[in-house]
Amino acid sequence: MKCRILDGVRHFLIYGKRGVLLNVSLFSSKYINIWSILTVGIVLTVIAPNFVILLQFFTEPADQWDHVRQYLLPDLLKNTGLLLFFTGLTTIFIGTSLAWLVTAYDFPGTRFFKWGLILPLAIPPYIGGYTYHGMLNYTGVIQTTLRDTFELDLDQKYFDILNLPGAVFIFTLFLYPYIYTMTQTYLETQSASLIENARLLGKNGTKIYFSVVLPISRAVIIGGTSLVLLEVLNDYGVVQYFGVPTFTTAIFQTWFGMNDLASAIKLSATVMFIIAVLLIGERILRGRKQYSYTTSRVHPLQKKKLTGRKKWSAFFYCLAIFSIGFVIPGLQLVSWMMLTYEKVVTAEFWTLLTNSLIAAISGAAMIMIGALVIANFTRLNKSLPAKALSKMTILGYSIPGAVIAVGISTVFIYIDNVLAALYEQFDMDGTLFLSTSLLILIIAYAIRFLAIGFNAIDAEFDKAGTSFHEASRLLGKGSISTFFKVDLPMVKGAVISGFILSFIEILKELPLTLILRPFNFDTLSTKAYQYASDEQIQEAALPSLLIITLSALAIYFFYYVLKKERS
């Protein structure tokens, strides 16, 4: 088989123009094939729930909508705006400053901090929020130590984080790695000439950071910040537990508390409008400024060795962020787990673990299948509609889970109503069979995280090119046979990495799972949330630690995989 493919490649290189013409006629003129049909179907599934929300936004409002608009909406807009603004500022400062330090300087622990500073991303913000509140409350380890060891009984207001500034603190601590990772990777792979020239001109590190590093990293900083803000909009666990009204909590409240789906839909549409403004603003802020190499001699930045006070200042700054963001909450969770291990590990716990694995594996598998179909179609069809279809895959990731849940529930309730007569013929219990099944949750996961799998595979397909595919087609192989025997083996690594990333994201997802899970179907994330909501913080430690451990292992694995690919 390999010899035949190589012969085909040789034939393609010799008769290049003929090969190109064959490729164009094969994939540009024949739009209707298995790949195009599946791609359109998958993309329609992604956009349908959001399209339904937008359509119903213009319908007549329910009686309770006037109350929501008058008494809830102003506070929702205010709190959401403040959360986005201050979280964006603090994550930009911490993420970019850490990236600059570990990339440009050599100080004790640099090699460890380079990947260790990503680990706070393994802790979902809602778990971090529960943990820090448990440590800071009156019976927590901090106040207990102050009273028993130092005989200090301070005012409770100094330890209260159940407010908007506390939520900003939690979001900053566990979401800054988005900006840190993107900025650090960018600075590592860019030409060092600008920074080295600034050093030769006598600029110190602070001036280089503000006048060179931030401007040339503008695009990736804005991209990372947009991910942070989307995560803030998606969150439910932190803002609900901290008592900060936002759109996500309002959607839960109107839908389940007030039994008003119409108002929940209108709130969801408002969130979609805010997201559209954020994405348009991101594009405007990026502008058309681009920084490219002025010479073909591109080399990595040479680290400057720090000495004396600067060396230890950099070390303790990185250590403080790493400790506050990962070590301290991790140790506290381990301590609580040791106290409640025997109480929590029951037959029900193993059911939780099984449910979590079933949901995460099924969702990740569906994501990768959809991503492979769309990526394969768009790389072979270079038309404008194909590019537009590929762009639509990111729509789900940019929409909060609660909004997707509202939209997909509306769609599936309609489908159930259409199929009600069929259910009766088969003596099936209930008329909401599909909308209360595990299938709706798995499809919601696929809609939410399809972009993760698609981006991984699309990037790998770009590297692989189309030469081997075209050679196989020239040898008479069909598109499906070529895909499984030639294309799929070339992107195997991206499929594995995309699957693991999707698996971890699903494992951590809370709003979607809370809303759409079937009756009596709990997962590690929902159980941790339930324990914390019932003020059983210590019991929430074990399911939280399992989520964190799996996420941390994935981060560690990907760091060394990426490092190996770059070397």
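Since every read-out is calculated from the coordinates, none of them should be taken as a lab result. Being a predicted model, the structure only gives us computed values, none of them experimental. Cβ placement follows ideal geometry from the backbone for every residue including glycine, while neighbour counts extend to all protein chains displayed.
Annotations for the structure displayed:
- Ordering Trp255, Trp350, Trp312 by the number of other Cβ atoms within 10 Å of each residue's own Cβ, fewest first, gives Trp350, Trp312, Trp255.
- Percentage of interatomic Cα-Cα distances in the chain larger than 46 Å: 20 percent
- Prolate/oblate/rounded call for segment 76-333, Cα gyration tensor, a/c under 1.5 rounded: oblate
- When the alpha carbon gyration tensor of segment 351-531 is reduced to an equivalent ellipsoid, its three semi-axes come out at 34, 20, 15 angstrom, largest first.
- Sorted peptide list for 434-441, 475-482, 92-99, 147-154, criterion being average Cβ within 10 angstrom, highest first: 92-99, 434-441, 475-482, 147-154
- Mean separation of Cα pairs under 8 Å and 6 or more residues apart, divided by the residue count, gives segment 76-333 a relative contact order of 35 percent.
- Long-range amide H partners of Lys304 with built H, under 5 Å: Tyr105, Asp106
- In sequence order, segment 501-512 has phi-based couplings of 4, 5, 4, 5, 4, 5, 4, 8, 4, 10, x, 4 Hz under the Karplus curve 6.51 cos²θ - 1.76 cosθ + 1.60, θ = phi - 60°, and Gly or Pro positions carry x.
- A protection proxy built from the mean count of other Cβ atoms within 10 Å ranks the segments 227-233, 105-111, 129-135, most packed first, as 129-135, 227-233, 105-111.
- Separation of the alpha carbons by more than 26 angstrom is noted, of Lys157/Lys527; Lys382/Lys477; Lys114/Lys311, for Lys157/Lys527.
- Charging the Cβ of each Asp and Glu at -1 and of each Lys and Arg at +1, and nothing else, the dipole of the chain about its Cα centre rounds to 3880 debye.
- The chain, relative contact order in percent, only Cα pairs under 8 angstrom and at least six apart counted: 24 percent
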